[in-house]
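What follows is a set of notes on a single structure, which appears directly below.
The values are calculated or read from the model by the stated rules, or taken from the named source; none is laboratory data. A quick note: this is a predicted structure, and the numbers were derived from the prediction, not measured. Cβ placement follows ideal geometry from the backbone for every residue including glycine, while neighbour counts extend to all protein chains displayed.
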Amino acid sequence: MQEVKLYEYAVIRLVPRVEREEFFNIGLILFSKKERYIRLEYYLCTKKFGLMHSGLDYEEVIHHLDAFKQIAAGNKDCGPIALLDIAERFRWLTSVRSSVLQTSRPHPGKTVDLDKTFVRLFEELVK
């Protein structure tokens, strides 16, 4: 019998006009402290992005999403935040912020397969 693993996840949102508080889901971050697991993926649909009429630059948003992904992965070239342990990186990435990239509050869960759960949540919440 496989061991049940506890995890937390948050949805990454694009908030083109922060003052209007409108957003759409563009990514997911999943974390398990005991398993020392963190995974972040994103999908920014160019059609949805174009419909927002926000004045944001698509490539700049992708650049910032890539930075989020590198921080989650612990890439030492991405500055001091990326050098923190996995739990601290997850907390930093999911902290409340007033910017065009925000996350939902973290949600808990249990699974026997973190990767399968990530894929399922990504398909349900992002794609």
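Please identify the pairs in which a residue from segment 88-111 that is more than 22 Å from ALA73 (Cβ to Cβ) has its Cβ atom under 9 Å from the Cβ atom of a residue that is in a strand (DSSP E or B) and among the small types (Gly, Ala, Ser), counting only partners at least 6 apart or on another chain.
Between residues of segment 88-111 that are more than 22 Å from ALA73 (Cβ to Cβ) and residues that are in a strand (DSSP E or B) and among the small types (Gly, Ala, Ser), the close pairs are ARG105/ALA10.
With the condition kept exactly as written, say whether any residue in segment 92-102 is touching a His at 6+ places or on another chain (Cβ under 7 Å), surrounded by 15 or more Cβ atoms within 10 Å (Cβ to Cβ) and not in a helix (DSSP H, G or I).
yes
For the subset of segment 20-49 comprising residues that are modelled with pLDDT under 95 and within 13 Å of GLN102 (Cα to Cα), which member is surrounded by the fewest Cβ atoms within 10 Å (Cβ to Cβ)?
So the residue we want is GLU21.
Please go through segment 1-41 and pick out each residue that is touching a residue at least 60 places away in the same chain (Cβ under 8 Å), in a loop (DSSP other than H, G, I, E, B) and not hydrophobic (A, V, I, L, M, F, W, C).
GLN2, GLU3, PRO16, GLU35 - these are the residues of segment 1-41 that are touching a residue at least 60 places away in the same chain (Cβ under 8 Å), in a loop (DSSP other than H, G, I, E, B) and not hydrophobic (A, V, I, L, M, F, W, C).
How many of the residues making up segment 48-87 are in contact (Cβ under 8 Å) with a residue 12 or more places away in the chain, within 30 Å of LEU6 (Cβ to Cβ) and out of contact with any helix residue (DSSP H, G or I) (no Cβ under 8 Å at 6 or more places or on another chain)?
Residues meeting the conditions: 5.
When segment 61-80 is examined, which residues are found to be of a type in the set (A, V, I, L, M, F, W, C) and either surrounded by 15 or more Cβ atoms within 10 Å (Cβ to Cβ) or within 19 Å of GLU35 (Cα to Cα) (or both)? Break it down into steps so the answer makes sense when it comes.
We begin by selecting, within segment 61-80, every residue of a type in the set (A, V, I, L, M, F, W, C); these are 61-62, 65, 67-68, 71-73, 78.
VAL61, LEU65, ALA67, PHE68, ILE71, ALA72, ALA73, CYS78 - these are the residues of segment 61-80 that are of a type in the set (A, V, I, L, M, F, W, C) and either surrounded by 15 or more Cβ atoms within 10 Å (Cβ to Cβ) or within 19 Å of GLU35 (Cα to Cα) (or both).
Yes or no: LEU44 in a loop (DSSP other than H, G, I, E, B) and in contact with a strand residue (DSSP E or B) (Cβ under 9 Å, 6 or more places away or on another chain)? Walk me through how you get there before you give the answer.
Numbers: in a loop (DSSP other than H, G, I, E, B): yes; in contact with a strand residue (DSSP E or B) (Cβ under 9 Å, 6 or more places away or on another chain): yes.
Considered against the rule, which asks whether it is in a loop (DSSP other than H, G, I, E, B) and in contact with a strand residue (DSSP E or B) (Cβ under 9 Å, 6 or more places away or on another chain), LEU44 comes out as yes.
Mind checking which residues of segment 60-78 are more than 11 Å from GLU41 (Cα to Cα) and either polar (S, T, N, Q) or assigned to a loop (DSSP other than H, G, I, E, B) (or both)?
Residues satisfying the conditions are GLY74, ASN75.
Identify all residues within segment 9-42 that are β-branched (Val, Ile, Thr) and under 15 Å from GLU88 (Cβ atoms); write none if there are none.
ILE29, ILE38
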